[in-house]
Amino acid sequence: MSKFGHIYLTWRSGTGKPRQAVGVISSGATSGVTFRYLDEDQLIAAKEQGFTSYHEFPDLNKTYTTGVLDVFKQRLFKSERSDYNDFLDFWNIDKKHKDDTLFLLAHTHGIVPTDNFEFLADFHLTKHTKFVTEITGLSHIKPAAEMIKAGDLLRWKKNSSKEDKFQVDVFTKDDIQLGWIKKIHSKIFYKKNAESLKLKVKAIDKNGVLKRVFVEVYSN
């Protein structure tokens, strides 16, 4: 499984809107797990779109040092569910990590249907790198639903810009653009030896059009 550094709390105002990093979860041997919001100038775009705070952590100027994992753990799939093993398999999580809240948050994105927050880890690049991410920009590019299927290998290309210096474009094997790698996750493609990284379609949600495309990122 993939090792990671910080986990970023991200937010967007709604489906199809740009996702913004608004906070960061850190873990240290002495400090434990902490959460803080990004600096004021880094929150400008999110605030303009309606961001206020994460409900349990209302103070934008405070570093939270207690109860961080207890709060964010509520976003995780419940282990008592009968389909919990299917959940672990989907996100490629070894069962030895099933009780590791920080690991689960990093690898499953902490997605819930009731808000627009998501947790994206800054993954390290090693020979064991393997995690699941989601292609963004589908509603903008509108690729045809039949152009890809689960198991397909995809092509990626760095496309740094003023708006996103870590932008990574994603294409089919026929060089038709699908969208982009999610922010934060895209950083790994700019790290040393990133040319070893491969993309493979994990799962597709479609209804006439591609609604969601999950892909595995792994090192060759």
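The values are calculated or read from the model by the stated rules, or taken from the named source; none is laboratory data. Bear in mind that the values here come from a model prediction, so they are computed numbers and not experimental data. Every residue, glycine as well, gets a Cβ built from its backbone with ideal geometry; the counts of neighbours run over all protein chains shown. Keep in mind that these areas ignore ligands, DNA and RNA; they rest on the heavy atoms of the full protein, side chains included. Shrake-Rupley method; radii C 1.70, N 1.55, O 1.52, S 1.80 Å.
Could you tell me which numbered condition ARG212 fails, if it satisfies all but one of (1) open to solvent by 60 Å² or more (accessible area, probe 1.4 Å); (2) within 17 Å of the chain's Cα centre (by Cα); (3) of a type outside the set (A, V, I, L, M, F, W, C); (4) more than 25 Å from PHE117 (Cβ to Cβ)?
The number of the failed condition is (4).
Against the definition (at pLDDT 95 or above and under 15 Å from the mean Cα position of the chain (by Cα)), how does LEU120 come out, yes or no?
When the stated conditions are applied, LEU120 passes them.
Output the residues belonging to region 86-98 that are part of a helix (DSSP H, G or I) and within 18 Å of GLU216 (Cβ to Cβ).
Those that are part of a helix (DSSP H, G or I) and within 18 Å of GLU216 (Cβ to Cβ): ASP86, PHE87, LEU88, ASP89, PHE90, HIS97.
When only residues in region 9-32 that are at pLDDT 95 or above and of a type in the set (A, V, I, L, M) count, which is most open to solvent (accessible area, probe 1.4 Å)?
Looking at residues that are at pLDDT 95 or above and of a type in the set (A, V, I, L, M), I get ALA21.
For region 135-164, name all the residues that are part of a loop (DSSP other than H, G, I, E, B), open to solvent by 100 Å² or more (accessible area, probe 1.4 Å) and without any contact (Cβ under 8 Å) to a residue 12 or more places away in the chain.
LYS162, GLU163, listed by residue number.
What are the residues in region 3-33 that are among the polar types (S, T, N, Q) and within 13 Å of the chain's Cα centre (by Cα), if any?
Hits for region 3-33 are THR10, GLN20.
For the structure I just gave you, tell me whether HIS55 is under 16 Å from the mean Cα position of the chain (by Cα) and within 19 Å of VAL22 (Cα to Cα).
No: the conditions fail for HIS55.
Quick one: count up the residues across region 181-198 that are open to solvent by 60 Å² or more (accessible area, probe 1.4 Å) and among the aromatic types (Phe, Trp, Tyr).
Residues meeting the conditions: 1.
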